[in-house]
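The values are calculated or read from the model by the stated rules, or taken from the named source; none is laboratory data. All values derive from a computational prediction rather than experimental measurement. Methodologically, a virtual Cβ is constructed for each residue, glycine included, from the backbone with ideal geometry; neighbour enumeration extends over all protein chains shown.
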Amino acid sequence: MHNFKNALAKAKSGEMLNRQEICALLAAGPEESEELFGAADRVRHDHVGDEVHLRAIIEFSNYCRKNCLYCGLRRDNHSIPRYRLTEQEILEAVKKARELGFRTVVLQSGEDLYYDAKTIAKLVETIKNRHDLAVTLSLGERSREDYLAWREAGADRYLLKQETADEHLFSIIKPDGNMQQRVQCLQWLKDLGYQTGSGNMVGLPGQTLATLAEDIILMRKLDVEMAGIGPFLPHPATPLKAAAPGSPALTLKTLAVTRLCLPQAHLPATTSLCTLTPDGRKLALNCGANVIMPNLTPAGVRDKYLIYPQKADIIEKPEAALNNIQALLTELARPPAQDYGHAKKPPGRSF
Ligand code: 5AD
Ligand code: SF4
């Protein structure tokens, strides 16, 4: 109790929290959580304002070369049909996003080398030439040269979640990779001037509050511009099918503490949280979140991008989703942003 109060007071005064203090906040009971959420909401208001940024996500390929234990797109999952959108199909989805008023498109896929560096660079260039849009890429771990080519083609941002900052847990749940390489990629991205996003899953088997504290500390150290925090959800066609899902309460606490530790970051109300709890979006927006990422993947393939089951956004049409978002934002007196929603502070190097 004492620890919680001290840590919260320190966070409110803008001081940097240490490991123990972050853990004390993450351990908040139900009443303390309300205080924590209130503090995170205020810091969000003071540092990034009331606007909510809408980013259209286009999931253009569900092929993946990796075999992450938690993910439905893992290469050994032969029970899902695989798809790849053509350049034309991707550009149509981008056009639709712009017509609906979006100022950012997020192009996401599994780690699919079918799209080589040149193809992606050309795609980014075409989008930037045709539309008044910020472009975020989320294509996994690639070489520094690839990241450089895409940055030079005009990509503004890159999302690459660390997933967990626990090196041992990382090597178990992501058997194809290691944490050093992942962190290296994040450093390259920062250095190349991308607004860089990381993030984690809450409730992974074997994870503790100390692990979540490390997650937050790593994101603070990397000085990321964005952080996606969502619950782990077991997928029936993966080795983690019998594991328990992450809890909504702990996910919200992690989001709130991340807001306190990274006051300027863009933090989405994640689709995974909305999948876990119907009120997820509203709850997240009230404890630190300031971004929503509606799904603009074409209807014909959208149900095949099943990283976890019952993904909240697979059925809803973009127009209907936007109406619901607009109603929620009106209720919360949180205006949708009209600009690109770039990070407040300039990222690393720029071209
Ligand atoms: N539960 C929650 N999130 C998941 N992701 C992948 N699989 C799961 C799961 N089972 C998230 C990861 C990844 C993003 C594409 O989806 O955080 O970065
Ligand atoms: Fe592939 Fe990413 Fe899923 Fe891992 S989390 S299997 S890299 S899509």
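Brief remarks follow.
- Restricting the first member to segment 2-29 and to residues that are on the phi < 0 side of the Ramachandran plot and of a type in the set (Gly, Ala, Ser), and the second to residues that are surrounded by 12 or more Cβ atoms within 10 Å (Cβ to Cβ) and not in a helix (DSSP H, G or I), the beta-carbon pairs closer than 7 Å and six or more apart or on different chains are 7/17; 11/17.
- Filter result for the condition that a residue is touching a residue at least 24 places away in the same chain (Cβ under 8 Å), within 19 Å of residue 285 (Cα to Cα) and not in a helix (DSSP H, G or I), over 53, 47: 53
- Matching residues, segment 243-295, being under 23 Å from residue 209 (Cβ atoms), part of a loop (DSSP other than H, G, I, E, B) and aliphatic (A, V, I, L, M): 243, 244, 262, 265, 267, 269, 289
- Segment 209-242, residues that are within 16 Å of ligand 2 (Cβ to nearest atom) and part of a strand (DSSP E or B): 228, 229, 230, 231
- For residue 300: the one exception among (1) part of a helix (DSSP H, G or I); (2) touching a residue at least 40 places away in the same chain (Cβ under 8 Å): (2)
- For segment 69-122, taking the residues that are away from ligand 2 (no atom under 16 Å from the Cβ) and of a type in the set (Ser, Thr, Tyr), the one that is surrounded by the most Cβ atoms within 10 Å (Cβ to Cβ) is identified as 104.
- You will find that of 107, 113, the residue that is touching a Phe, Trp or Tyr at 6+ places or on another chain (Cβ under 7 Å), of a type outside the set (Ser, Thr, Tyr) and not in a helix (DSSP H, G or I) is 107 and no other.
- Within segment 204-223, being more than 15 Å from residue 257 (Cβ to Cβ) and in contact with a strand residue (DSSP E or B) (Cβ under 7 Å, 6 or more places away or on another chain) holds for one residue alone: 222.
- Some residue of segment 133-152 being at pLDDT 95 or above, assigned to a loop (DSSP other than H, G, I, E, B) and away from ligand 2 (no atom under 16 Å from the Cβ): yes
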